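Each reported figure results from applying straightforward, stated rules to the coordinates on display, with no laboratory input. All of these numbers come straight from a predicted model, not from anything done at the bench. As a convention, Cβ positions derive from the backbone with ideal geometry for all residues, glycine included, and neighbour counts pool all protein chains shown.
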Amino acid sequence: MQRVVSVVAHLGFRLQALPPALCRPLSCAQTKIFGSDRVKLMESLVVGDIAELRPNQGTLSLFTNEAGGILDDLIVTNTSEGHLYVVSNAGCWEKDLALMQDKVRELQNQGRDVGLEVLDNALLALQGPTAAQVLQASVADDLKKLPFMTSAVMEVFGVSGCRVTRCGYTGEDGVEISVPAAEAVHLATALLKNPEVKLAGLAARDSLRLEAGLCLYGNDIDEHTTPVEGSLSWTLGKRRRAAMDFPGAKVIVPQLKGKVQRRRVGLMCEGAPMRAHSPILNMEGTKIGTVTSGCPSPSLKKNVAMGYVPCEYSRPGTMLLVEVRRKQQMAVVSKMPFVPTNYYTLK
């Protein structure tokens, strides 16, 4: 059984299983950073190495505070048009925008060449094994030349100026299409005319991202979680680690070599599904942590979850207890992703 047939999910644009006229746009966190000092601005806010990105290459990165906490996760793309294209969580949009605007004003006051533009675009995610095949019929560009975490501007179903990025938050192959908001319903309707394409809501995407071991901001990571605690050390650019020039570096970098008190781990169990806020206990029954996300895995026919435990309990294979509906049940620390990812990498 295929894990995902092509689906249209929503990121910033909500699609409902109703006539197209009732589809409605929501706020979407898409931003353009321009000017010769655009990389300097972004690297003053995030942990990633933005300067090393090739034209039209993107990366997942993190806004952090001086205490090392994660303010949000975001994708930054170095476009060939001479600007950075930034996508962050709509739920964090106000604080993210304020963070970037404040830094823009600070650098402009120093005489730096940098600016910010909020894009009036919707974002549609087309995900699954046949996603590229479905989309190829509507574009002139060869999608076989568009590997994971790269993007290109193209015409899609007659809509010009769409940015198509080979990514998504499901662990599967797929694309995210940034489209002018006024054309979003037209584009979604055109995609849905293909029988391969089905509507999917947040619940479907949530089970997919959890099977892929991907974090949900506000659940699995937040302002009180460092990248190292969240098992996101890979987002820290090598050059940035050495320079220690990102917010919270004095807290985060030492954690890479030392010990942290807790880590995000994967959990698997049978029986009742683990849910957010379920207590995690050691085998002696002492509470040691909390589940942050959990659901039944449609692919594995088991229950999967993520949560935080002290480092001494974080090794895969460690047996623990999880309290579900006031009953304790066995759970095992498991490697993530729970289901292998299927990104298109040209290899």
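Compute the relative contact order of the chain as a whole-number percentage, counting only Cα pairs closer than 8 Å that sit 6 or more residues apart in sequence.
18
In terms of the Cα gyration tensor, with a ≥ b ≥ c the square roots of its eigenvalues, is the stretch 3-193 rounded because a/c is under 1.5, prolate because a/b exceeds b/c, or oblate? Intermediate values should be presented prior to the final figure.
Working: a/c = 1.87, a/b = 1.67, b/c = 1.12.
Verdict is prolate for the stretch 3-193.
If you take the charge dipole of the chain about its Cα centre, with +1 on Lys and Arg Cβ and -1 on Asp and Glu Cβ, which of 131, 231, 62 is farthest toward its positive end?
So the residue furthest toward the plus end is 231.
State whether the chain is rounded, prolate or oblate according to the following rule on the C-alpha gyration tensor (a ≥ b ≥ c being the square roots of its eigenvalues): a/c under 1.5 gives rounded; otherwise a/b larger than b/c gives prolate, and the remaining case gives oblate.
Numbers: a/c = 1.99, a/b = 1.18, b/c = 1.69.
Oblate.
What residues qualify as long-range amide H neighbours of residue 290, i.e. H under 5 Å apart, gap of 5 or more or another chain, H built at 1.01 Å from N?
Correct list: 280, 308.
Could you let me know the centre-to-centre spacing of the stretch 143-211 and the stretch 41-63, using Cα atoms, in angstrom?
22
Specify whether the C-alpha gyration tensor of the stretch 217-347 places it in the rounded, prolate or oblate class, a ≥ b ≥ c being the square roots of the eigenvalues: rounded for a/c under 1.5, otherwise prolate if a/b is larger than b/c and oblate if not. If you can, show how the numbers build up before the last one.
Values: a/c = 2.35, a/b = 1.48, b/c = 1.59.
Oblate shape, in that a/c is at least 1.5 and b/c is the bigger or equal ratio.
Taking every pair of alpha-carbon atoms in the stretch 260-335, what share in percent sits in each 5 Å bin, from 0 to the bin with the longest distance?
Spelled out bin by bin, the stretch 260-335 gives 4, 19, 34, 28, 12, 3, 1 percent.
Under unit Cβ charges (Lys, Arg +1; Asp, Glu -1), what dipole magnitude, rounded to 20 debye, does the stretch 260-335 have relative to its Cα centre?
Roughly 180 debye, rounded to the nearest 20.
Which of 259/301; 287/335; 145/259; 259/287; 238/335 have a Cα-Cα distance over 32 Å?
Numbers: 259/301 35 Å; 287/335 22 Å; 145/259 42 Å; 259/287 20 Å; 238/335 24 Å.
Violating the 32 Å Cα-Cα cut-off are 259/301; 145/259.
Ordered by packing density, taken as the mean number of other Cβ atoms within 10 Å over each peptide's residues, highest first, how do 333-343, 301-311, 228-238 rank?
Ranking, from highest mean packing down: 301-311, 228-238, 333-343.
Listed highest first by mean packing, meaning other Cβ atoms within 10 Å per residue, what order do 254-266, 115-127 come in?
Ranked from most to least packed, the peptides come out as 115-127, 254-266.
Restricting to DSSP H runs of at least four residues, report the calculated mean residue ellipticity at 222 nm for the chain, -39500 (n - 2.57) per run over all residues, nearest 500 deg cm²/dmol.
The helix contribution divided over the chain gives -5000 deg cm²/dmol.
Do you know the relative contact order of the stretch 260-335, to the nearest whole percent, from alpha carbon pairs under 8 angstrom that are 6+ apart?
39
In the chain, if the dipole is taken from +1 on Lys/Arg beta carbons and -1 on Asp/Glu beta carbons about the Cα centre, which of 251, 200, 292 is farthest to the positive end?
Looking along the dipole axis, the top candidate is 292.
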